[in-house]
Every structure is written in structure tokens, then in C-alpha cells.
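Right, one structure below, let's go through it.
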Amino acid sequence: MSNLSKQSALAKYLPLVLDDGLNIMYIPKVDQYEEICLAAIRQNWESISYIENLTDQICLEAINHNPEAISLIKNYSNKLLARMIEINPMVEVFLSPQRREEFHRYDRIKKSIKNL
């Protein structure tokens, strides 16, 4: 288990993920700083499956590269899903029917509130 300073972790691990984003699987979770994770995603969107802390920015970056990444993101809010669909409407194709219906209910309610 490592716990390098942020600068040390960036210097050590950034070149690894720039070479192959999937190398993130070998980086200790405590050293997976957002900059390293974003670089991994930009190199290979499938690296999202090895990232411990999926921030909104990391999720959005993955969706920007491939809408199929939604299938690798386990927990996300309807608000984040709406942003992901704005970035890449194809995301909706990869949602389960249940999740798609839940999102459409959320979206209808949100639009109704705006019209009040």
C-alpha cells in the first residue's frame, strides 16, 4: 500500500497511464488522484472499471469518449445522468429499460417544475 504525496504520485504514475490507461489497475487506490484517473480515461475509457473513486468529472470524461462507459459506472444520480446524456445522447442506448424509465420520470418532473 502506497501513499505518495500528490506530486510524487503524479510523477510516478502519470507516465504509466499515458502509455496505457489500463495501467491504472496497478496503481494503489490511495494514489489514484483525479488527474491520473482522467489521463487514464483519456487514453482508454475502459480504465474506468479500475478507478476506485468515480467523481462526476471522471464519469463525464468517460462518457465523452464512449457512451458505453455508462455500463461500467455503478452509481450515479439522475442529475449526473442528465449531464451525461447532454454530452453524449447515445448514453441512453446503454441504459437498462428500468433505469431509462426512471430517468424519463425524473426528466418529466424536472421539466414540470421549470414550467411552474
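The values are calculated or read from the model by the stated rules, or taken from the named source; none is laboratory data. Because the structure is a prediction, the values reported are computed rather than measured. No Cβ is skipped: glycine too gets one built from the backbone with ideal geometry, and neighbour counts run over all protein chains shown.
Looking across 80, 116, one residue alone is in a helix (DSSP H, G or I) and more than 19 Å from residue 43 (Cα to Cα). It is 80. Going by the conditions given, is residue 68 within 23 Å of residue 23 (Cα to Cα), at pLDDT 90 or above and assigned to a loop (DSSP other than H, G, I, E, B)? Judged against the criteria, residue 68 is not a match.
Whenever a residue of the stretch 15-38 is of a type in the set (S, T, N, Q), its partners that are surrounded by 13 or more Cβ atoms within 10 Å (Cβ to Cβ) and assigned to a helix (DSSP H, G or I), lying with C-beta atoms within less than 7 angstrom and at least six residues away or across chains, give the pairs 23/16; 23/17; 32/24. Across the stretch 1-56, which residue is surrounded by the most Cβ atoms within 10 Å (Cβ to Cβ) among those that are touching a Gly at 6+ places or on another chain (Cβ under 8 Å) and assigned to a helix (DSSP H, G or I)? Restricting to residues being touching a Gly at 6+ places or on another chain (Cβ under 8 Å) and assigned to a helix (DSSP H, G or I), the top hit is 40.
Quick check, is residue 74 surrounded by fewer than 18 Cβ atoms within 10 Å (Cβ to Cβ) and over 24 Å from residue 100 (Cα atoms)? No: the conditions fail for residue 74. With respect to the conditions (1) without any contact (Cβ under 8 Å) to a residue 24 or more places away in the chain; (2) among the polar types (S, T, N, Q); (3) closer than 30 Å to residue 15 by Cα, residue 77 falls short on a single one, namely (3).
Are any residues in the stretch 21-45 within 21 Å of residue 69 (Cβ to Cβ) and more than 17 Å from the chain's Cα centre (by Cα), and if so, which ones?
Residues satisfying the conditions are 26, 27.
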